[in-house]
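Before any comments, here is the structure.
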Amino acid sequence: MIDIENAKKVFDEYVSNYDPTVGRIKLKIEHIKRVAENIKNIALEQGLDSEQIKLAEIIGLLHDIGRFEQVRLYDTFSDKISVNHGEYGVKVLFKDGLINKFKLSEKDKEIVKLAILNHNRDKIQEGLDDEQLLYAKMIRDADKLDIYYTMCKYDFKDTFWYPDFDCEEISDLIMNEFKNDKKVNYTDIKNNADVIVIFYAYVYDLYFETTKNILKEKNYLEKFTEKVCKNFKSEKIHTQVKEILEISSGQ
């Protein structure tokens with residue numbers, strides 16, 4: 001039997017090592033707890049049983065466990081200029097031994113590991129079995145749904161990669177990647193203007209209709225666009241994001 005209350009206690013004990021008054025730490029703790037609720041709701045809608053739902057919730061709690069050391073060591077959420085936070089989370093859990101405190105079966109540990117490794121990849125790796133694939137899809141949707149909430153509710157200085165918001169335009173390369181491939185190559189991102197496009201591209205990487213419906217009901221893309229226009233002063237960026245919004249809203 002999975003002990004979800006023990007899992008929450010272990011998570012709280014781990015994050016107590018980090019200062020919750022620091023903007024990025026506070027944001028990440030709150031984000032993780034909302035993602036855990038999101039994935040729990042997705043699991044319920046998929047008709048999973050109580051043990052599967054609790055495992056999903058644990059994946060929600062642990063999917064960003066690598067973020068805390070990332071912030072402490074690098075003061076950024078950019079994997080490009082620091083470490084891959086999914087892979088680092090697996091290190092914290094499995095190499096450093098934190099996973100043992102969650103009292104999971106070996107099968108469930110493997111599901112957790114694969115879900116965390118795949119939650120922030122461009123696409124889910126091949127070779128997963130049906131159950132592993134389902135959890136990987138659920139955490140990706142649950143995570144992205146709260147990223148939209150976070151981008152609309154939190155200060156951009158705590159969510160964007162770089163400190164400078166005085167950008168002139170989104171690069172032609174990033175614009176073309178979005179228009180042609182409906183995705184962004186993270187290695188091509190050069191500044192915060194380029195980072196903007198990531199959040200529009202997420203709509204093409206959602207698996208469940210419920211997630212897509214919530215995105216539309218909450219008007220997250222529209223709210224995000226308004227916030228971008230307030231935080232970036234360049235009229236060129238304003239024009240570009242409105243064009244991107246029109247494309248992504250049709251998804």
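The values are calculated or read from the model by the stated rules, or taken from the named source; none is laboratory data. In this text the structure is predicted, and so the values were computed from the model without any measurement. Don't worry about glycine lacking a Cβ; one is built from the backbone with ideal geometry, like all the others, and counts go over all protein chains shown. Side chains included, ligands, DNA and RNA excluded: accessible areas come from the protein's heavy atoms. Shrake-Rupley method; radii C 1.70, N 1.55, O 1.52, S 1.80 Å.
Once C-alpha pairs closer than 8 Å and six or more residues apart are averaged by separation and normalised to the residue number of the chain, the relative contact order reads 18 percent. Relative intensity of region 91-202 on a log10 scale, I(q)/I(0) at q = 0.13, 0.14, 0.18 Å⁻¹, equals -0.66, -0.74, -1.02, per a Debye sum over C-alpha point scatterers of equal strength in the absence of solvent.
Surface analysis of region 5-92 yields an accessible area of 42 Å² per residue, using protein heavy atoms and a 1.4 Å probe.
Tell me, what are the semi-axes, in whole angstrom and largest first, of the equivalent ellipsoid of region 160-247 as set by the roots of 5 times the Cα gyration tensor eigenvalues?
Details: eigenvalues 91, 48, 26 Å².
Calculated on Cα positions only, the semi-axes equal 21, 15, 11 Å.
Here region 208-251 yields Rg over Rh of 1.05, to two decimals, using C-alpha coordinates and the Kirkwood radius. Diffusion of the chain by Stokes-Einstein, at 10 °C in a medium of 1.306 mPa s and with Rh set to the Kirkwood radius over alpha-carbon pairs, works out to 85 µm²/s.
Dipole of the chain, Cα-centred, from +1 at each Lys and Arg C-beta and -1 at each Asp and Glu C-beta, to the nearest 20 debye? Let's see the in-between values first.
Working: 39 positive and 47 negative charges, 85 e Å.
About 400 debye.
Within the same chain, lysines fewer than 8 places from residue 101 are excluded, and of the rest, those with a Cα less than 24 Å from its Cα are 8, 9, 26, 28, 33, 40, 54, 91, 109, 113. Remark: relative contact order (region 97-184) = 18 percent; criterion is Cα-Cα distance under 8 angstrom and separation of 6 or more residues.
In deg cm²/dmol, rounded to 500, what helix-only [θ] at 222 nm does the chain give when every DSSP H run of at least 4 residues adds -39500 (n - 2.57) and the total is split over its residues?
Dividing the helical sum by the residues of the chain leaves -20000 deg cm²/dmol.
Distance between the C-alpha centres of region 142-190 and region 200-247: 10 Å, rounded to the whole angstrom. Could you work out the local net charge near residue 224, counting Lys and Arg as +1, Asp and Glu as -1, over the other residues with Cβ closer than 14 Å to its Cβ? So the surrounding residues net to +3.
Heavy atoms only, probe 1.4 Å: what % of the accessible area of the chain goes to carbon and sulfur, would you let me know? Display every interim value, and only then the final one.
Values: 5650 of 11940 Å².
That share works out to 47 percent.
Relative to the longest principal axis of the Cα atoms of the chain, the long axis of helix 50-62 makes an angle of roughly 50 degrees. Taking the longest Cα principal axis of the chain as reference, the axis of helix 192-201 is set at about 60 degrees. For residue 179, a cut-off of 19 angstrom between C-alpha atoms picks up these aspartates and glutamates, skipping any fewer than 8 places away in its own chain: 122, 169, 188, 194, 205, 222, 243, 246. Under the shape rule built on the C-alpha gyration tensor, where the axes satisfy a ≥ b ≥ c, region 14-138 is prolate, since a/c reaches at least 1.5 and a/b is greater than b/c. Computed over region 159-198, the quotient of the alpha carbon radius of gyration and 2.2 N^0.38 Å is 1.08. Heavy-atom accessible area, probed at 1.4 angstrom with all protein chains present, ranks 140, 34, 67 as 34, 67, 140, highest first.
Descending by average beta-carbon neighbour count within 10 Å, the peptides 86-98, 204-216 line up as 86-98, 204-216, the highest first. Seen against the Cα atoms of the chain and their longest principal axis, helix 235-249 is set at about 50 degrees. The value of relative contact order for region 1-114, using C-alpha pairs under 8 Å at least six residues apart, is 28 percent.
Working from the pairwise distances between different alpha carbons, so that the mean of 1/r is found and then inverted, what is region 77-119's Kirkwood radius in Å?
Mean inverse Cα-Cα distance, inverted, gives 10.9 Å.
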